[in-house]
Each structure stands twice: as structure tokens, then as C-alpha cells.
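See below for the structure under consideration.
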Amino acid sequence: MCGIFGYSGEKECNDLIFEGLKRLEYRGYDSWGIAILNGKIHQYKNIGEIKYDKMLQKLQKGNIGIGHTRWATHGGVTKINAHPHISEVGGFTLVQNGIVENFNELKSSLLKKDVHFVSETDTEVIVRLIELELLKNKSLRQAIITVFKKLKGRNTIALLSNNDKKIYAVRNGSPLVLGIATDGIYIASDTLSFSPATNEAVLLDDFDMVEIGGKNISIFNIESNQFKPVKIKKLKHQFNKIDKGNFKHFMLKEIVDQKETILFATKYLRKELLPLTDSIKKGGRVYVIGAGTAGFSAGQIAYFLRNIANIDAQEVKSYEFEQYISIVKKKDILIAISQSGETADTIEAIEAFKKKGCKIASLVNMYGTTISRLSDFEFYTNSGPEICVASTKVFTAQCAWGYLLTMTLDNRFEEGKKNLSILTKSISQIFLKSRLENIKRVANKLKNKEHAFILGKGENSYIALEGALKIKEISYKHVEGFAAGELKHGVIALIEKGTPVLSIIPSENSRDFNDMISAVEQVKARGALTVGIGNDKSSKREIFDFYINVSQVENVSSIANVIPFQLISYYLSVALGNNIDKPRNLAKSVTVK
Ligand code: M6R
């Protein structure tokens, strides 16, 4: 969702801000803007794709400025509603991430004072409130503090002041980090956006107010009313380039990256996992949480913990944590799963578990993010930037890490590593040309269908849900995943001649094999188009119209079984002409509730 990027320093920053916004694009946006200071504030705003046009080329150059990508919440997608929002009094312009939850209340009180509004946004309310404080002769600093304290919700703002030649920013909930480079200071919603310039970052806390003038920074916490030392953290990784290589879309590149990323997520040494496994052994129930795709990997991890290591593990959707919180005990452990590390629903759940006194572990892909910082045990999927809005490589990385954690708890760390390496080899086979052609054939069969169903059971039931989400997100087709056992209790009513049913078939020695085959036979008897995903040496191969071969590695092949669905989603959506990397209505990082 919305992104902030700013710079103050020695360099001319128009292009730096433009490039920074491009690197924030993956979060999702519908309009954008840049403000540059040079004698006065010069602004450019537009809707749609971030690209150069004549007006932007003509924008006055300067070496201090802020930029923003907007994901509309209050008011439509228009240039007027795009940020930054410039003041009429006090010479400043402002961008915001988040939602001002008391927007209506604040706006009506301003309207009663005859304050005039240009846009429909909640952001402009902040601008007008600051103006009123300035009219009371407050300093800009004081005005920002007074107004920020009135805002309800998770809001982060950045403001460019012409009078002070400074950037002011305050964080609450929505992410904000500083990048410390030799040429100047970067301020942004994530560390990835300034990664080519520096891997030295200052991770701001909630209610930190930062003032940047030239290359100088000061941080003042407006809650504790105290200045804070500037603590610079060296981030482990720096990404100079984010590109698709020879791939047409990030999605396909990221799917193919899975030849390696499972190993990156599980390169942990046994001793690095032990602090968490010891706490789990001594603790109570393990809750595993996440939302969307991360919610399904949370389910898969809890499945591994229960079924391999006999751990009392319960998956909970981050946004449903309140259903469970009354039974959560201090000795319980929370494992939070998130690609972005900034998902508001997951952060809220973590905060509630923390209040109960629980230890928090997290598995995150982005460095320096809120979820890692809230955790007692920090782990990373190390998958590299995932740019496509639909998560692929990070899902399998999360599941693989959960499997290794489980095998460590079961005192089978080495065996776990070995199985993951066999799994990685088997994944490479999926990308053989002949196999991809076969998957494309299945994708083409779905092109003219309105509905499709995915069946899984036991180790594959979360894979069926994630497979369906993947196809829905990009193809906009109605694809429903469910546990095969559900079929006869209702869903079978939807099966008619030609309805595609894709079934994940485990190895023949699995306790779920016979149930899966009987489910396929029931849908076949009603005319379904049957597609099997699993080992094609299956003795029941003949009941399927199509079969996608995925070698089965004991206990862990569920992770590879999701890849055909990712590829079906990709090929189907390419055939439909959809926007692959930025599907409609979706944002990569869901930082609001
Ligand atoms: O960054 P997170 O992993 O916490 O994000 C959670 C979900 O918003 C995310 O998985 C979403 O469902 C993706 N679009 C899945 O492809």
C-alpha cells in the first residue's frame, strides 16, 4: 500500500526519488507524486504508472524532496487526491501512509470553522490542522506534534518544509526507515527502496519524529518527550538491482527462483534454531499466524508441527486472533509469518499476544521491518525481493523453514536438511520444457471455464487453498480449494460435465491416498474434467484426464505440489491478457486494517 520516499543531501534528488518510488511500486499504488524544494516547493502529481513525461522532466531540480505512491482509501484516483498535499499557510507539503480513523470527526470540526478543502483525502485534514496550529504562532515542529497526537489509527507522515529547508516525519504503525549514505539521508517505507545507495539504516519506532536538514538527523519521541540517539543498523543484505532478468514477468522469475530459495530459507544451523525449539519444548501451545498466502503457510507449518513432531500447534488467521485470545496463556508461543513484515492484521495480533506475555517468533522476508522488531526470535526467508504481488517463492520458503523447525524439534535436523535438498532437486524437474508444456495445456483448458475446484487432504489441504488463491489473484477466475472430505458434504452439488477438478495426489503409502482417489472417482462419475498433481507413476493414473508430475518426497512434497498451481495461474493469466505482476485491486504490503 502507500509508499513514502524522500532524500536530503548533496545529490540532485529528482531521479533518486523517482527511482525510489519505482522500487516501492510493488507495494501497490494508483497515483503518485513528487515534491522538490528549490527556493519554493515544486510539485508533480499523476495517476497511473510511475513514468517520466515532459512535465516531470521540467520539474525544478533540487537536493531535498519527498515522493509518495498512493493506494486510494479516501477519495477517488485523481491528481488532486494524489500526495503530496501542499499547504496554503506555512510553506510545507505533506504525504501520509495509513488511514486517519477519526477523519470524519476532524473534518467536520474543520468545516465548522470554514476551512476549505481541495481534495477528498484524510491526508488534507492533517495539512489543514497543522496550518491552524501555525496560525496560533506555534513552530512547525510543535504544530506537527500537536496534530499528530490528534490522529487515530496507524499513520505515518512526512512533510517537506520550505521555511526550515527540512524534512519532518513521524511514524506510527505504518513503516518508516532512514537510510544513511555518504551523500545524504534517505527516508522511506522500506529498506529495499534505498538499498542501491546504502545498507545502513535507522529503524524508527512508533511516535519517533525525525527532522532531517542537509545530512543532519535528530530523533525525538513525541510520546516519551525525549530526544533519542541515532542508532545505525547495518543490514545483512543490499540489493543493487531488482530486475526480471530474461523473464517477461517477475512472477515467472520468482516461480523459477524456487529452484534455490527453499535452501536459502533453510540454511540455518541447528544451533540457530535451538533457542526457539527449546522455548517451544518448555512452552505451552504454539500459535502460528499469518494472512492470505502467509496464513496458508502458517497452516502448513502448524500441520508439520502437529503431524511430525506432535507439537500442540494451532494456525490462526491474523485477522481472527480475537477468537482465540481469551484462551492464550503466558507460556504459549506465537510464530508470525509474513513476507513484508508490515501486515497490519499480523502486527495487531502480535501486539495482543505480547500483552498476554507470550514469546514471539517471526519469519519475515524483508529486513528491518516491524514484525521482526517485535519478535524475541527473528528468522528470515532470505528469498530476495519478491516483487510480484502474488506471493510464490516466499510461500514455499516459509513452509520449508517450518518443516526444518519441525524436524529440529523431532531431533531429526540432519534428515530434514537432506529431505529439503532432495525436494529442491525434484523442484528443478518441474521446470523441464516438456513438463511446462504439459502445465500450459492444463492452463489453456481453464481459459473458458468460470469455475474450478482444487482438492487436497491432510498434508495437501493448505496447498489446495493456496493453489486456489494463486489462480484467483491473477486470473480473476473463481477457483475454490478445499479438503477433499468436504466434497460429499455439499460441494459436489457444483460439479457438472466439464467442471475442472484439480486434485493433489499423495504417494500411495500415504494415509490420504485412498480418500483422494475416491474423491476423484466421485467427481469423475459426474463428468468433471480431472487433473491429478503428484507422482505420475500412480496406479490410478487412468482416472485422470490430465496429470502433472511432481515427484513425492516423504513428508515434504506438499511444498513442491503448490508450484504447478503457481504455473497454471501464470500461464492462464498470460493467456487472458491480465496484468501479471500487479493484479487489480491488490497491494503487496497490506499496512492498513
Ligand atoms: O506480507 P505478508 O506475507 O504478511 O502478506 C500477507 C498477505 O497480504 C499476502 O500473502 C497476500 O495474500 C498475497 N497477495 C498473496 O499472494
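FYI, it's all coordinate maths here, none of it is from the lab. These figures come from a predicted structure and were not determined experimentally. FYI the Cβ positions are ideal-geometry reconstructions off the backbone, even for glycines, and counts take in every protein chain you see.
Please compare each pair in Lys259/Lys359; Lys244/Lys457; Lys51/Lys107; Lys317/Lys393; Lys54/Lys472 to a cut-off of 28 Å on the Cα-Cα distance and tell me which ones are over it.
The pairs that break the limit, which is 28 Å between Cα atoms, are Lys259/Lys359; Lys244/Lys457; Lys51/Lys107; Lys54/Lys472.
Expressed as a rounded percentage, what relative contact order does the chain have, with Cα pairs under 8 Å and six or more residues apart?
Over the chain, the number comes to 12 percent.
Percent of alpha carbon pairs in segment 112-222 separated by more than 23 Å?
Considering segment 112-222, 31 percent of its Cα-Cα pairs are separated by more than 23 Å.
What do you get for Rg/Rh over segment 393-521 if you use C-alpha atoms and the Kirkwood form of Rh?
1.00
Residue by residue through segment 84-95, what is 3J(HN,Hα) from phi via Karplus (6.51 cos²θ - 1.76 cosθ + 1.60, θ = phi - 60°)? Round to whole Hz and write x for glycine and proline.
So the Karplus estimates, Gly and Pro as x, are x, 9, 8, 8, 9, 10, x, x, 9, 9, 9, 10 Hz.
Rounded to the nearest 0.05, what FRET efficiency do Lys540 and His451 give with R0 = 22 Å and r taken as the Cβ-Cβ distance? Could you check?
Calculated value: 0.35.
If amide hydrogens are placed 1.01 Å from N in the peptide plane, which non-local residues have theirs closer than 5 Å to the one on Val100?
none
Among Lys61/Lys149; Lys236/Lys425; Lys45/Lys136; Lys11/Lys58; Lys231/Lys354, which pairs are too far apart, with a Cα-Cα distance over 22 Å?
Beyond 22 Å between Cα atoms: Lys61/Lys149; Lys236/Lys425; Lys45/Lys136; Lys231/Lys354.
When the helix-only estimate is applied to the chain (DSSP H runs of n ≥ 4, each -39,500 (n - 2.57), divided by the residue count), what is the mean residue ellipticity at 222 nm, nearest 500 deg cm²/dmol?
-10500 deg cm²/dmol
Give the span of segment 432-582's Cα atoms along each principal axis, as three whole-Å numbers ordered largest to smallest.
The principal-axis extents, from largest down, are 40, 35, 25 Å.
Starting from 0.36 nm per residue, how many nanometres of slack lie between Asn246 and Lys112 once their C-alpha separation is accounted for?
Gain in length upon complete extension: 42.5 nm.
Using only the alpha carbon atoms of the chain, find the Kirkwood hydrodynamic radius as the inverse mean reciprocal pair distance, in angstroms to one decimal.
When all Cα pairs of the chain are included, the Kirkwood radius is 25.3 Å.
Considering the Cα positions of segment 243-429, please state its Rg to one decimal place and its Dmax as a whole number of Å.
Looking at segment 243-429, its Cα Rg and Dmax stand at 15.8, 51 Å.
Show the residues, 5+ positions off or on another chain, whose built amide H is closer than 5 Å to the amide H of Asn155.
HN-HN under 5 Å from Asn155: Asn172, Ser174.
Apply the Karplus curve 6.51 cos²θ - 1.76 cosθ + 1.60, θ = phi - 60°, to the phi angles in segment 66-80 and return the couplings in whole Hz, x for Gly and Pro.
Taking θ as phi minus 60°, the curve returns 9, x, 8, 10, 10, 10, 3, 10, 9, x, x, 8, 9, 4, 5 Hz for segment 66-80.
Please report the antiparallel percentage of DSSP beta bridges with both residues in the chain, rounded to the nearest 5.
If I count the DSSP bridges inside the chain, around 60 percent turn out antiparallel.
For segment 3-234, what does the equivalent ellipsoid look like in terms of its semi-axes, each the square root of 5 times an eigenvalue of the Cα gyration tensor, given largest first in whole Å?
Semi-axes, largest first: 24, 21, 17 Å.
Report, largest value first, the span of the C-alpha coordinates of segment 322-381 along each principal axis, in whole Å.
Extents along the principal axes, in whole Å: 31, 19, 14.
Which value in Å does the Kirkwood hydrodynamic radius of segment 451-513 take, with 1/r averaged over all unlike C-alpha pairs and then inverted?
It is 12.0 Å.
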